[in-house]
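Written out below as structure tokens is the structure these notes cover.
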Amino acid sequence: MTELRIPFFRPSIDDDDVEAVAGALRSGWLTSAGNVRAFEQELADASGASHVNVVNSATAAMHLALAGWGLGPGDEVITTPYTFVSTATVILHTGASVVFADIRDADFNIDPAAIERAITPRTKAIVPVHFAGEPCQMDEIMALAKVHDLKVLEDAAHAIGSAYHGRPIGSIGDATAFSFYATKNITTGEGGALATNDTELSDAVRQLTLHGMTRDAWNRYGPGGSWRYDIVNLGFKDNMTDFAAALGRSQLRKIDQLRDGRTRAVMRYFQNLRHDEHLQLPAFDPANQQAWHLFAVRIRPSAPVQRDEAAKRMAEKGIGVSVHFIPVHTFSAYRELGPWGPGAFPVAENAFRGALSLPLFPSMTEAEVDEVCEALHDSIRGV
Ligand SMILES: Cc1ncc(COP(=O)(O)O)c(C=O)c1O
């Protein structure tokens with residue numbers, strides 16, 4: 001196996017990040033405290049939401065939002081099959097049912113017309129996913145939610161720093177989940193956040209994040225704290241450490257710079273690949289701001305070499321690639337759960353057949369993009 005010359009992702013951690021974490025470690029507070037609270041405020045300022053709850057993953061953020069709204073057995077939640085599995089699994093963990101709606105061929109985002117067809121009297125919420133950082137059709141989705149009295153939880157694991165028609169992602173739906181996983185646009189190693197304008201939801205999520213407890217550690221062990229607490233509901237354990245939040249704050253200060261690095265690489269990809277007749281490049285709406293979390297191309301059926309073999313050839317040439325996404329309804333654990341045999345979501349299944357995500361990270365150079373493009377050009381032609 002050749003060592004990868006260009007990895008799929010290379011983290012952007014600088015001395016400021018290291019110093020921020022070291023400072024938090026030296027402060028004497030390891031669990032959630034001042035850095036978590038400050039990170040919440042700074043994320044609220046950046047995303048235009050009035051409340052942010054910082055937690056330990058986007059998965060937790062989505063689960064807490066659905067639990068905070070009290071969803072459970074008998075309820076239905078509509079989402080896309082073209083996502084990471086946790087978007088759907090958190091719905092099932094509340095006891096509600098998942099209803100998938102197919103995607104749009106152009107940008108792999110959930111199709112509002114498919115959402116509309118999937119709505120029943122049991123539908124309680126819609127969970128759109130901003131694939132690769134390109135915002136979904138939020139005007140259409142919010143209009144449907146209004147007519148049918150549904151909650152909208154945006155899975156913005158890819159979309160911190162994106163904006164839909166001038167509005168930052170985080171300020172549109174009833175709640176929005178961000179991810180700070182290692183490869184995400186800003187990272188805390190593992191981490192996530194829920195942004196919302198709904199004070200009641202934010203309060204419920206704060207309690208559910210920490211066992212349903214009335215006092216967090218700061219309020220028990222901090223100045224003037226008290227040991228006594230009550231448990232007012234059956235909660236979870238999803239909080240973030242203070243040193244992870246210190247890393248998140250340092251990363252958030254550089255979010256524009258990190259996005260600019262990704263955007264430069266993406267523009268070079270477009271320049272190099274736009275005339276390749278065997279590739280479909282990602283569609284994006286110029287009225288939006290893209291976080292460019294991924295650069296996901298589709299190898300067209302006309303290509304002499306198809307995706308699996310092309311991905312293998314890329315790896316042999318020292319280029320790290322990935323595939324986003326294996327449609328959720330095709331996984332073993334999901335196959336038995338719903339009315340969705342092969343062919344149930346043809347647009348998603350077709351997108352997956354050719355999908356290939358190319359290396360993309362803020363420090364990627366033009367020479368690296370050129371090398372990836374050359375390797376891709378050859379791989380899909382069997383060279
Ligand atoms: C679309 C999408 N949603 C949710 C997640 C889960 O994020 P986390 O790892 O922070 O729970 C991911 C992670 O890769 C993702 O790509």
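Considering only segment 312-322, state which residues are surrounded by fewer than 22 Cβ atoms within 10 Å (Cβ to Cβ) and either free of Cβ contacts under 8 Å to residues at least 24 places away in the same chain or assigned to a loop (DSSP other than H, G, I, E, B) (or both).
Going residue by residue through segment 312-322, those that are surrounded by fewer than 22 Cβ atoms within 10 Å (Cβ to Cβ) are 312-313, 315-318, 320, 322.
Within segment 312-322, LYS312, LYS317, GLY318, GLY320 qualify.
Considering segment 214-242 alone, what residues qualify as being outside any loop (DSSP other than H, G, I, E, B) and at pLDDT 90 or above?
Within segment 214-242, the subset outside any loop (DSSP other than H, G, I, E, B) is 217-221, 231, 237, 242.
ILE231, LYS237, ASP242, listed by residue number.
Right, VAL305: at pLDDT 95 or above and buried (at least 22 other Cβ atoms within 10 Å of the Cβ) or not?
Working: at pLDDT 95 or above: yes; buried (at least 22 other Cβ atoms within 10 Å of the Cβ): no.
In short, no.
Would you call GLN251 within 19 Å of GLY191 (Cβ to Cβ) and modelled with pLDDT of 95 or more?
On the way: within 19 Å of GLY191 (Cβ to Cβ): yes; modelled with pLDDT of 95 or more: yes.
It is true that GLN251 is within 19 Å of GLY191 (Cβ to Cβ) and modelled with pLDDT of 95 or more.
Does ARG220 count as of a type in the set (D, E, K, R) and either under 17 Å from ALA182 (Cα atoms) or out of contact with any Phe, Trp or Tyr (no Cβ under 8 Å at 6 or more places or on another chain) (or both)?
Judged against the criteria, ARG220 is not a match.
Would you call GLY68 touching a helix residue (DSSP H, G or I) at 6+ places or on another chain (Cβ under 7 Å), more than 20 Å from ASP242 (Cα to Cα), in the same structural domain as PHE84 (by TED's automatic domain parsing) and more than 16 Å from the ligand (Cβ to nearest atom)?
Considered against the rule, which asks whether it is touching a helix residue (DSSP H, G or I) at 6+ places or on another chain (Cβ under 7 Å), more than 20 Å from ASP242 (Cα to Cα), in the same structural domain as PHE84 (by TED's automatic domain parsing) and more than 16 Å from the ligand (Cβ to nearest atom), GLY68 comes out as yes.
Quick one: THR87 ticks every box in (1) within 16 Å of the ligand (Cβ to nearest atom); (2) modelled with pLDDT under 95 except a single one, so which number is it?
Among (1) within 16 Å of the ligand (Cβ to nearest atom); (2) modelled with pLDDT under 95, the lone unmet condition for THR87 is (2).
Pick from segment 150-187 the residues that are charged (D, E, K, R) and either within 14 Å of VAL127 (Cα to Cα) or at pLDDT below 95 (or both): which of them is nearest to the ligand (Cβ to nearest atom)? First the steps, then the outcome.
Of the residues in segment 150-187, the ones charged (D, E, K, R) are 151, 154-155, 167, 174, 184.
Next cut, either within 14 Å of VAL127 (Cα to Cα) or at pLDDT below 95 (or both) only: 151, 154-155, 174.
Details: LYS151: 17, GLU154: 10, ASP155: 5, ASP174: 17 Å.
Top of the filtered list is ASP155.
Considering (1) away from the ligand (no atom under 15 Å from the Cβ); (2) modelled with pLDDT of 95 or more, say which one TRP29 fails and leave the rest.
The number of the failed condition is (2).
Counting just the residues of segment 150-161 that are in a loop (DSSP other than H, G, I, E, B) and touching a Lys or Arg at 6+ places or on another chain (Cβ under 9 Å), which one comes out surrounded by the fewest Cβ atoms within 10 Å (Cβ to Cβ)? Full working, then the answer.
As a first pass, look at segment 150-161 and keep what is in a loop (DSSP other than H, G, I, E, B): 150, 157-161.
Filter once more, keeping what is touching a Lys or Arg at 6+ places or on another chain (Cβ under 9 Å): 150, 157-158, 160-161.
Working: LEU150: 21, ALA157: 28, HIS158: 27, ILE160: 31, GLY161: 26.
So the residue we want is LEU150.
Have a look at THR187, THR176 and point out the one that is in a loop (DSSP other than H, G, I, E, B) and of a type in the set (Ser, Thr, Tyr).
After applying the criteria, what remains is THR187.
May I ask you to list the residues in segment 323-342 that are in a loop (DSSP other than H, G, I, E, B) and either in contact with a Leu (Cβ under 8 Å, 6 or more places away or on another chain) or surrounded by 10 or more Cβ atoms within 10 Å (Cβ to Cβ) (or both)?
The first filter runs over segment 323-342 and keeps only residues in a loop (DSSP other than H, G, I, E, B), leaving 323-327, 331, 336-342.
Once the filter is applied, which keeps residues that are in a loop (DSSP other than H, G, I, E, B) and either in contact with a Leu (Cβ under 8 Å, 6 or more places away or on another chain) or surrounded by 10 or more Cβ atoms within 10 Å (Cβ to Cβ) (or both), segment 323-342 yields VAL323, HIS324, PHE325, ILE326, PRO327, PHE331, LEU337, GLY338, TRP340, PRO342.
Could you give every pair whose Cβ atoms fall below 7 Å, whose first residue belongs to segment 127-152 and is assigned by TED's automatic domain parsing to the domain that holds ASP174, and whose second residue is part of a loop (DSSP other than H, G, I, E, B) and of a type in the set (Asp, Glu), counting only separations of at least 6 or pairs across chains?
Listed pairs, sorted by first residue: PHE131/ASP107; GLU134/ASP107; LYS151/ASP174; VAL152/ASP174.
Go through segment 346-371 and give me each residue that's part of a loop (DSSP other than H, G, I, E, B), away from the ligand (no atom under 16 Å from the Cβ) and surrounded by 22 or more Cβ atoms within 10 Å (Cβ to Cβ). Can you show your working first?
Here is the first cut: in segment 346-371, the ones part of a loop (DSSP other than H, G, I, E, B) are 359-365.
Next, from what is left, pick out any that are away from the ligand (no atom under 16 Å from the Cβ): 359, 362-365.
Listed by number, the residues that qualify are PRO359, MET364.
Quick check, is ASP45 closer than 30 Å to ASP149 by Cα and free of Cβ contacts under 8 Å to residues at least 40 places away in the same chain? Spell out how you get there, then give the answer.
Values: closer than 30 Å to ASP149 by Cα: yes; free of Cβ contacts under 8 Å to residues at least 40 places away in the same chain: yes.
In short, yes.
Looking at LEU25 and the list (1) of a type outside the set (Gly, Ala, Ser); (2) in contact with a Ser or Thr (Cβ under 8 Å, 6 or more places away or on another chain); (3) over 30 Å from GLY320 (Cβ atoms), which single condition is not satisfied?
(2)
Please state which one of PRO135, PRO121 is over 18 Å from VAL328 (Cα atoms) and surrounded by fewer than 22 Cβ atoms within 10 Å (Cβ to Cβ). Working first, answer last.
Details: PRO135 fails: surrounded by fewer than 22 Cβ atoms within 10 Å (Cβ to Cβ).
Step by step, each of PRO135, PRO121 is checked, and only PRO121 is over 18 Å from VAL328 (Cα atoms) and surrounded by fewer than 22 Cβ atoms within 10 Å (Cβ to Cβ).
Which of the residues that make up segment 32-60 are more than 16 Å from the ligand (Cβ to nearest atom), buried (at least 17 other Cβ atoms within 10 Å of the Cβ) and not in a helix (DSSP H, G or I)?
Of everything in segment 32-60, those that are more than 16 Å from the ligand (Cβ to nearest atom), buried (at least 17 other Cβ atoms within 10 Å of the Cβ) and not in a helix (DSSP H, G or I) turn out to be SER32, ALA33, ALA49, HIS51.
Can you pull out every residue in segment 72-93 that is surrounded by fewer than 20 Cβ atoms within 10 Å (Cβ to Cβ), not charged (D, E, K, R) and not in a helix (DSSP H, G or I)? Give the steps one after another, and end with the answer.
Here is the first cut: in segment 72-93, the residues surrounded by fewer than 20 Cβ atoms within 10 Å (Cβ to Cβ) are 72-76, 84-85, 89, 92-93.
Restricting the remaining residues to those that are not charged (D, E, K, R) gives 72-74, 84-85, 89, 92-93.
Those that are surrounded by fewer than 20 Cβ atoms within 10 Å (Cβ to Cβ), not charged (D, E, K, R) and not in a helix (DSSP H, G or I): GLY72, PRO73, GLY74, PHE84, VAL85.
The conditions are (1) within 16 Å of the ligand (Cβ to nearest atom); (2) more than 16 Å from the chain's Cα centre (by Cα), and ASP216 fails exactly one of them. Which is it?
Against the list (1) within 16 Å of the ligand (Cβ to nearest atom); (2) more than 16 Å from the chain's Cα centre (by Cα), ASP216 comes up short only on (1).
The values are calculated or read from the model by the stated rules, or taken from the named source; none is laboratory data. For clarity, every value in this text was computed on a predicted model and none was experimentally measured. So basically every Cβ, Gly included, is an ideal-geometry build from the backbone, and we count neighbours across all protein chains shown.
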